[in-house]
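First up is the structure itself, then whatever we jot down about it.
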Amino acid sequence: MILLDTNVVIELARDSATGRRVLEDLALTDRPERPLASLISLGEALALAEQWNWGATKRSRLREIFGELVLVDLSFGRTPEGYGRITAHARKHGLGIGENDRWIAATAAEADAHLVTMDGDFGPLDPAFISHTWIR
């Protein structure tokens, strides 16, 4: 099972070379199970689309992509407890992991999903909390 970070979904919506490579390398359209995304990612992506003044076509593509993913709510299982553990760990070790990224990591951990991201901030959480692939 994989969980896509916000930045990966954004690249898919942009239909960028990186997005197309991720789509192909992870066989996203051919997987027997639908990839996951945190509800946090939906909010982040919609905020970015607004901030960047995306037009109707690109916003529609963004919504289409999220419609193809399984959105995981923050109340799923013990996600809040995982967020608490990850936040305490990050603060104790001086890690600059943003709040939304901590929620996304907690969601991936609770769903036992491999996180696919373009954000290097998740590295210090692997393997103690999550497994991840960092796409550069």
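Being on the phi < 0 side of the Ramachandran plot and in contact with an Asp or Glu (Cβ under 8 Å, 6 or more places away or on another chain), is that true of even one residue in the range 13-21? So far as the range 13-21 goes, yes, one or more of its residues are on the phi < 0 side of the Ramachandran plot and in contact with an Asp or Glu (Cβ under 8 Å, 6 or more places away or on another chain). When each of Gly82, Gly43 is tested for being out of contact with any helix residue (DSSP H, G or I) (no Cβ under 7 Å at 6 or more places or on another chain), within 22 Å of Gly120 (Cα to Cα) and of a type in the set (Gly, Ala, Ser), the lone residue that passes is Gly43.
Would you confirm whether or not the range 36-50 contains a residue that is assigned to a strand (DSSP E or B) and surrounded by fewer than 20 Cβ atoms within 10 Å (Cβ to Cβ)? For the range 36-50, residues assigned to a strand (DSSP E or B) and surrounded by fewer than 20 Cβ atoms within 10 Å (Cβ to Cβ): absent.
FYI, it's all coordinate maths here, none of it is from the lab. Worth saying up front: this structure is predicted, and the values here are computed from it rather than measured. Backbone-built Cβ (ideal geometry, glycine too); neighbour counts: all protein chains shown.
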